Amino acid sequence: MLRTSLAKKIIREVKNFIEEDLIIVDTSGIIVASTDPDRLGNFHEGAYLAASEKQIRIISKQDETTLSGVKAGITLPLFHQQKVVGVIGITGTPEKVLPYGELIKKMTELLIQESHYQDQFEWEARSLETFVFDWLLEDGPSTSIKKRAEVLGINMEVNRQVILIEFQTSEAFMKTKRWHFSEMDVELKKEDMLVQWGQNRLILLLASNNTLSRELLLKLLKNIQSQLQSYVGAPIFMGIGKACNYSSLKDSYLEAERALNACSMDVPIIFEEDLRLEMILQAIPIEVKKEFAQRLLSPVISEKDLLETIQVYFTYHLSLKETAKAMHIHINTLHYRLRKVEMLTGLELKKPHDLTTLYLACMLLDDSTKKH
């Protein structure tokens with residue numbers, strides 16, 4: 001059966017090529033789309049007969065008096081996978097519209113076929129998304145998961161690692177855009193899986209290959225990142241978990257998520273195994289982060305120039321010269337600001353303990369205000 005939404009789309013596409021009125025009729029003879037809104041829902045006996053007989057039917061002026069709901073023209077049955085799925089009607093003098101009727105019919109059938117393939121791809125993508133979601137939800141794959149893997153043609157015996165890909169944009173294009181490897185110029189194995197993961201994320205289950213060095217893997221991921229960024233026009237962050245067998249995929253996912261949370265504009269791709277301090281910081285509850293940062297920095301936060309000075313100071317690895325240069329201030333001004341920070345916080349920046357405390361406070365402030 002031809003969907004009404006598709007029928008209307010076909011009418012919009014085809015009417016650009018001819019001036020005559022068009023209708024699309026379902027196999028029961030009901031007009032479901034038309035360039036003339038008044039005909040919608042009417043019974044078209046000529047189209048019904050064309051569908052039943054599986055052949056073109058010419059509607060003459062005489063037929064207008066004997067057949068229900070018809071106008072002079074031609075009706076052409078539409079086939080998909082050797083079955084009649086509907087009928088397209090072209091109103092006008094049969095001698096005039098008949099020469100290009102077959103062309104319109106072929107064009108319409110191609111649109112139906114394209115829609116079918118798109119629906120099939122959407123169904124497969126949703127099935128894969130649901131499968132991966134259920135797989136990651138469990139501590140180990142159940143018999144049900146394994147059976148579904150067989151149906152989907154997924155090899156569960158292959159070791160995989162999870163790569164979480166996040167689009168740094170608030171655009172909602174991910175709601176309508178589904179991704180497939182064929183859209184990207186990258187060499188991936190058939191065991192690799194890419195699925196949509198929420199509105200602005202993709203999850204890549206990369207089949208582990210012992211011959212693929214970390215350098216080659218990073219090169220592959222940078223290639224994917226570059227292509228996605230050129231399409232989206234926004235930065236792409238990637239968190240990479242460690243390779244594991246099918247029963248431990250959830251662990252790789254949690255690692256990838258931890259790595260993704262540590263990504264920044266300066267370091268957009270992070271392997272979980274490289275995390276050090278970030279592992280501890282991510283384990284701290286958000287309420288504790290806020291309280292700690294406020295306790296240390298509340299006297300400084302209200303003075304934006306002081307807070308910015310501290311952040312730039314740490315960014316340039318405690319270099320007074322580079323910090324002053326980056327902020328376009330005299331080095332004496334920098335000294336003054338740092339002394340004022342010490343006075344307001346009660347910390348001495350020459351002491352490793354106090355300097356570390358201030359650094360952690362800045363990191364926790366950033367975590368609690370920018371990422372939550």
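The values are calculated or read from the model by the stated rules, or taken from the named source; none is laboratory data. These figures come from a predicted structure and were not determined experimentally. No Cβ is skipped: glycine too gets one built from the backbone with ideal geometry, and neighbour counts run over all protein chains shown. Heavy atoms of the whole protein, side chains included, go into the accessibility calculation; ligands, DNA and RNA do not. Shrake-Rupley method; radii C 1.70, N 1.55, O 1.52, S 1.80 Å.
Values as computed for the structure displayed
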{"quantity": "Residues being touching a residue at least 24 places away in the same chain (Cβ under 8 Å) and in contact with a Lys or Arg (Cβ under 9 Å, 6 or more places away or on another chain) - total across region 52-68", "calculated": "2"}
{"quantity": "Residue check, LYS289 modelled with pLDDT of 90 or more and either farther than 25 Å from SER264 by Cα or touching a helix residue (DSSP H, G or I) at 6+ places or on another chain (Cβ under 9 Å) (or both)", "calculated": "no"}
{"quantity": "Count - residues of region 72-95 that are touching a residue at least 40 places away in the same chain (Cβ under 8 Å) and not in a strand (DSSP E or B)", "calculated": "1"}
{"quantity": "Subset tally (residues that are closer than 16 Å to ASP366 by Cα and loosely packed, with under 11 Cβ neighbours inside 10 Å) for region 256-280", "calculated": "4"}
{"quantity": "Those helices (runs of 4 or more DSSP H) lying entirely in region 310-372 with at least 3 residues within 17 Å of ALA262 (Cβ to Cβ)", "calculated": "352-370"}
{"quantity": "Residue list for region 152-170, filter: among the β-branched types (Val, Ile, Thr) and closer than 18 Å to LEU220 by Cα", "calculated": "VAL162, ILE163, ILE165"}
{"quantity": "Residues that are open to solvent by 40 Å² or more (accessible area, probe 1.4 Å) and either in contact with a Cys (Cβ under 8 Å, 6 or more places away or on another chain) or of a type in the set (Val, Ile, Thr) (or both), drawn from region 329-366", "calculated": "ILE331, THR333, THR356"}
{"quantity": "Matching residues in region 103-141 - criterion: being surrounded by fewer than 17 Cβ atoms within 10 Å (Cβ to Cβ) and among the small types (Gly, Ala, Ser)", "calculated": "ALA125, SER127, GLY140"}
{"quantity": "Strands (runs of 3 or more DSSP E) lying entirely in region 4-65 (those with 3 or more residues that are closer than 16 Å to GLY92 by Cα and modelled with pLDDT under 90)", "calculated": "none"}
{"quantity": "Flag if LEU318 is of a type in the set (A, V, I, L, M, F, W, C), open to solvent by less than 40 Å² (accessible area, probe 1.4 Å) and within 22 Å of ASP366 (Cα to Cα)", "calculated": "no"}
{"quantity": "Region 5-27: number of residues that are open to solvent by 60 Å² or more (accessible area, probe 1.4 Å), among the acidic types (Asp, Glu) and within 35 Å of the chain's Cα centre (by Cα)", "calculated": "1"}
{"quantity": "Neighbours by Cβ (under 8 Å, 6+ apart or cross-chain): first from region 116-128, closer than 18 Å to LEU204 by Cα; second hydrophobic (A, V, I, L, M, F, W, C) and assigned to a helix (DSSP H, G or I)", "calculated": "SER127/LEU152; LEU128/LEU152"}
{"quantity": "Selected residue (criterion: surrounded by the most Cβ atoms within 10 Å (Cβ to Cβ)) from residues of region 28-49 that are farther than 16 Å from ILE74 by Cα and among the polar types (S, T, N, Q)", "calculated": "ASN42"}
{"quantity": "Meets criteria (outside any helix (DSSP H, G or I), surrounded by fewer than 20 Cβ atoms within 10 Å (Cβ to Cβ) and aliphatic (A, V, I, L, M)) for VAL288", "calculated": "no"}
{"quantity": "Within region 50-102, considering residues that are open to solvent by 10 Å² or more (accessible area, probe 1.4 Å) and in contact with a Gly (Cβ under 6 Å, 6 or more places away or on another chain), the one farthest from HIS116 (Cα to Cα)", "calculated": "LEU67"}
{"quantity": "Conditions (1) touching a Lys or Arg at 6+ places or on another chain (Cβ under 9 Å); (2) open to solvent by 50 Å² or more (accessible area, probe 1.4 Å); number of the one not met by LEU306", "calculated": "(2)"}
{"quantity": "Where a residue in region 311-331 is without any contact (Cβ under 8 Å) to a residue 24 or more places away in the chain and its partner, wherever it lies, is crowded, with 16+ Cβ neighbours inside 10 Å and among the polar types (S, T, N, Q), with Cβ under 6 Å and at least six apart", "calculated": "VAL312/THR323; TYR316/THR323"}
{"quantity": "Index of the failed condition, GLU157 passing every other in (1) part of a helix (DSSP H, G or I); (2) in contact (Cβ under 8 Å) with a residue 40 or more places away in the chain; (3) charged (D, E, K, R); (4) touching a helix residue (DSSP H, G or I) at 6+ places or on another chain (Cβ under 9 Å)", "calculated": "(1)"}
{"quantity": "Cross-chain or 6+ apart pairs with Cβ under 9 Å, region 226-250 first and over 17 Å from ASN200 (Cβ atoms) and open to solvent by 30 Å² or more (accessible area, probe 1.4 Å), then basic (Lys, Arg) and not in a loop (DSSP other than H, G, I, E, B)", "calculated": "ALA243/ARG160; ASN245/ARG160; TYR246/LYS146; TYR246/ARG160"}
{"quantity": "Meets criteria (acidic (Asp, Glu), buried (at least 18 other Cβ atoms within 10 Å of the Cβ) and without any contact (Cβ under 8 Å) to a residue 24 or more places away in the chain) for GLU215", "calculated": "no"}
